[in-house]
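What follows is a set of notes on a single structure, which appears directly below.
The values are calculated or read from the model by the stated rules, or taken from the named source; none is laboratory data. Please read all numbers here as calculations on a predicted model, not as lab measurements. Neighbour counts are summed over all protein chains in view; Cβ atoms, including those assigned to glycine, are modelled from backbone coordinates with ideal geometry. All accessible areas refer to the heavy atoms of the entire protein, side chains included, with ligands and DNA or RNA removed. Shrake-Rupley method; radii C 1.70, N 1.55, O 1.52, S 1.80 Å.
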Amino acid sequence: MKLTNTVNGLLLSAAVIASLGASSAMAADGKALYTEKLCVTCHGAEGKAPIIPTYPKLAGQNKEYLIAQTTMIKEGVRTGGMTAAMMPLVAAVTAEEIEAISEYLSSVE
């Protein structure tokens, strides 16, 4: 029984460490994708300096919020305001890329 608990504890620890590494890797990929997918063009370096005051600052924003808003724009659910400018850009961004970019932006201070 003790051996089983020890093995289970080690497996859980390894899974936590792996997920932390995956999160860091995702943020690193998200940083590259942020530039590659042209997000930087309107939202500025690290999402801190939008080119127009009505564009949102994205740095430090909640990851789930970023994913939800970007996905709604991509799917045409969110409209109005400045979303029309984003629609053609997010059309070429996959769900995995949206998640990686959102992970990166949520980690920016």
Checklist outcome for this item: If you go through 40, 16, the only one that is among the β-branched types (Val, Ile, Thr), at pLDDT 95 or above and more than 10 Å from the chain's Cα centre (by Cα) is 40
Checklist entry - So which residues in segment 36-72 are assigned to a loop (DSSP other than H, G, I, E, B), open to solvent by less than 60 Å² (accessible area, probe 1.4 Å) and among the basic types (Lys, Arg)? => result 37
Item to check | Hits in segment 19-35 - residues which are among the hydrophobic types (A, V, I, L, M, F, W, C), at pLDDT below 95 and open to solvent by less than 80 Å² (accessible area, probe 1.4 Å) | outcome: 22, 25, 26, 27, 28
Next on the checklist: Here is a list: 85, 95, 91. Which entry is free of Cβ contacts under 8 Å to residues at least 24 places away in the same chain, open to solvent by 40 Å² or more (accessible area, probe 1.4 Å) and either within 11 Å of the chain's Cα centre (by Cα) or over 13 Å from residue 34 (Cα atoms) (or both)?
Outcome noted: 91
